[in-house]
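Working notes, structure below.
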Amino acid sequence: MGEAISFRCPDGSDCEGYLAEAPEAADATVAVAGIVVLQEWWGLNDQIRGVAERFAAAGITALAPDLYRGRVTTDPDEASHLMTGLDWPGACRVEVRGALRHLKAKLAKVAVTGYCMGGALAVIAAAKLAECDAAVCYYGIPPEDQAHPADMKVPFQGHFAEADDWCTPAAVDRLEAALEGASIAWEIHRYGAAHGFCNETVEAFDAAACEQSWARTLDFLAKHL
């Protein structure tokens with residue numbers, strides 16, 4: 001099982017997070033790979049902790065930073081308010097970079113992944129953070145004024161739902177078109193599912209799509225980390 005930790009951010013502040021260490025990494029001086037797991041708009045809840053645990057069980061040490069600094073909700077209106085109030089580029093510069101640096105103190109390479117809001121933040125991290133070695137995005141795209149997809153500097157994999165009224169198929173089309181001009185390895189995968197298909201606690205959960213995307217994610221990380 002993982003544990004709650006505190007890590008130092010580049011601005012000197014401390015951030016709470018959930019660390020799930022891969023079994024083989026627990027006693028190693030230098031392990032192979034890690035991943036920063038970025039939350040949905042609900043906050044750092046048990047479901048996101050479970051994602052970190054799943055990465056650890058697959059051999060990848062995972063750290064989920066608490067971007068809302070202790071706030072968690074199950075109410076969509078409050079979640080929307082929390083997400084809207086978050087400075088996305090600022091969170092990447094501070095909490096996400098701090099989490100990357102914390103893992104890189106022991107690990108050779110570290111990726112970033114995220115879901116919904118966290119997926120959009122993963123795109124920003126891939127474009128803006130030198131500490132990021134690869135990025136996997138689940139159904140989230142940031143505004144282009146925060147990070148243009150063509151500016152991503154690391155291998156990128158994206159997972160998107162065909163029935164998504166937030167991260168729409170048209171937005172994914174634009175993302176894919178922008179990536180045509182990027183000098184990185186990239187993959188886009190689309191699923192006949194709805195937004196949130198990898199969150200087992202919501203109605204949109206699609207077990208088949210989730211398992212297929214998970215297998216693709218692990219293959220991608222094994223190749224690029």
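Is it the case, given these coordinates, that PRO149 is crowded, with 18+ Cβ neighbours inside 10 Å, modelled with pLDDT under 95 and under 18 Å from the mean Cα position of the chain (by Cα)? Don't jump to the end; show me each part of the working.
Numbers: crowded, with 18+ Cβ neighbours inside 10 Å: yes; modelled with pLDDT under 95: yes; under 18 Å from the mean Cα position of the chain (by Cα): yes.
Against the criterion (crowded, with 18+ Cβ neighbours inside 10 Å, modelled with pLDDT under 95 and under 18 Å from the mean Cα position of the chain (by Cα)), PRO149 qualifies.
So, in segment 205-214, of the ones that are free of Cβ contacts under 8 Å to residues at least 12 places away in the same chain and of a type in the set (A, V, I, L, M, F, W, C), which residue ends up nearest to LEU44 (Cα to Cα)?
Initial filter on segment 205-214 (free of Cβ contacts under 8 Å to residues at least 12 places away in the same chain): 205, 207-208, 211.
Restricting the remaining residues to those that are of a type in the set (A, V, I, L, M, F, W, C) gives 205, 207-208.
Details: PHE205: 18, ALA207: 22, ALA208: 25 Å.
The extreme case among them is PHE205.
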Scan segment 129-160 for residues that are hydrophobic (A, V, I, L, M, F, W, C), under 18 Å from LEU63 (Cβ atoms) and in a strand (DSSP E or B) and jot them down. ALA135, VAL136, CYS137
I need every pair where a residue in segment 130-148 that is of a type in the set (Asp, Glu) has its Cβ under 6 Å from the Cβ of a residue that is in a loop (DSSP other than H, G, I, E, B), sequence separation at least 6 or different chains. ASP133/VAL154
All positions within segment 178-208 that are touching a Gly at 6+ places or on another chain (Cβ under 7 Å) and among the small types (Gly, Ala, Ser): ALA204
Any residue in segment 78-90 that is surrounded by 15 or more Cβ atoms within 10 Å (Cβ to Cβ) and within 26 Å of ALA222 (Cα to Cα)? no
Filtered residues of segment 178-201 (kept if among the aliphatic types (A, V, I, L, M), modelled with pLDDT of 95 or more and more than 19 Å from ASP219 (Cα to Cα)): ALA193, ALA194
Kindly check whether there is at least one residue in segment 17-34 that is part of a loop (DSSP other than H, G, I, E, B), out of contact with any Ser or Thr (no Cβ under 7 Å at 6 or more places or on another chain) and surrounded by 20 or more Cβ atoms within 10 Å (Cβ to Cβ). no
Only residues in segment 167-195 that are in contact (Cβ under 8 Å) with a residue 60 or more places away in the chain and surrounded by 17 or more Cβ atoms within 10 Å (Cβ to Cβ) count as the first member; pair them with residues that are in a loop (DSSP other than H, G, I, E, B) and not aliphatic (A, V, I, L, M), Cβ under 6 angstrom, at least 6 apart or cross-chain, and list the lot. HIS195/TYR139; HIS195/ASP164; HIS195/TRP166
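Name every residue in segment 68-105 that is in contact (Cβ under 8 Å) with a residue 40 or more places away in the chain and outside any helix (DSSP H, G or I), in order of residue number.
Step one: filter segment 68-105 for residues in contact (Cβ under 8 Å) with a residue 40 or more places away in the chain, giving 69-70, 82-83, 88-89, 93-104.
Listed by number, the residues that qualify are ARG69, GLY70.
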Pick out the one residue from VAL72, VAL123, VAL110 that is over 16 Å from ASP14 (Cα atoms) and touching a Leu at 6+ places or on another chain (Cβ under 6 Å). VAL110
Failed condition for ILE48, given (1) modelled with pLDDT of 95 or more; (2) out of contact with any helix residue (DSSP H, G or I) (no Cβ under 9 Å at 6 or more places or on another chain); (3) part of a helix (DSSP H, G or I), with all others met? (2)
Output the residues belonging to segment 106-128 that are over 10 Å from the mean Cα position of the chain (by Cα), of a type outside the set (Val, Ile, Thr), under 24 Å from GLY59 (Cα atoms) and modelled with pLDDT of 95 or more. LYS109, ALA126
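Which residues, taken from segment 51-67, are surrounded by 20 or more Cβ atoms within 10 Å (Cβ to Cβ), of a type in the set (A, V, I, L, M, F, W, C) and in a loop (DSSP other than H, G, I, E, B)?
Listed by number, the residues that qualify are ILE60, LEU67.
The values are calculated or read from the model by the stated rules, or taken from the named source; none is laboratory data. No experiment lies behind these values; they were computed from the predicted model shown. Note: ideal-geometry Cβ built from the backbone for every residue, glycine included; neighbour counts use all protein chains shown.
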